[in-house]
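Some notes on the structure that comes next.
Values quoted throughout were computed directly from the atomic coordinates according to the rules given, and no laboratory measurement underlies them. In this text the structure is predicted, and so the values were computed from the model without any measurement. Cβ coordinates were reconstructed from backbone atoms using ideal geometry, including for glycine residues, and neighbour counts include every protein chain displayed.
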Amino acid sequence: MRLSDNSIAQLVRVLQIAILTGTDITDNLRMVNFIEEEDLLDIDPEYLSTFEMNLEKMQAKALGTSFDAN
């Protein structure tokens, strides 16, 4: 199986987050979920939604603003 372009891009983002937050990349990679689509591993949409929401929370916290999930 091969990784889709979306999966590769997400792995890059996960690496960047690990570097920015000082967290272990291994822990970040363990959280990534994939789905199989036409002989490719693509990012699970539910995982991606959660990742994006957490990223928004981190950005709001860094900027000192409140986060609104709506």
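Of the residues in the stretch 32-49, how many are assigned to a strand (DSSP E or B) and surrounded by 15 or more Cβ atoms within 10 Å (Cβ to Cβ)?
5
Taking Lys57 as meeting all but one of (1) part of a helix (DSSP H, G or I); (2) of a type outside the set (A, V, I, L, M); (3) loosely packed, with under 11 Cβ neighbours inside 10 Å, write down the number of the exception.
It is condition (3) that Lys57 fails.
Only one residue in Ile43, Ile25, Ile35 is without any contact (Cβ under 8 Å) to a residue 24 or more places away in the chain, β-branched (Val, Ile, Thr) and touching a strand residue (DSSP E or B) at 6+ places or on another chain (Cβ under 8 Å), so which one is that?
After ruling out the rest, the residue left standing is Ile35.
Restricting the stretch 1-11 to residues that are surrounded by 10 or more Cβ atoms within 10 Å (Cβ to Cβ) and of a type in the set (A, V, I, L, M), which is nearest to the chain's Cα centre (by Cα)?
Within the stretch 1-11, the match that is nearest to the chain's Cα centre (by Cα) is Leu11.
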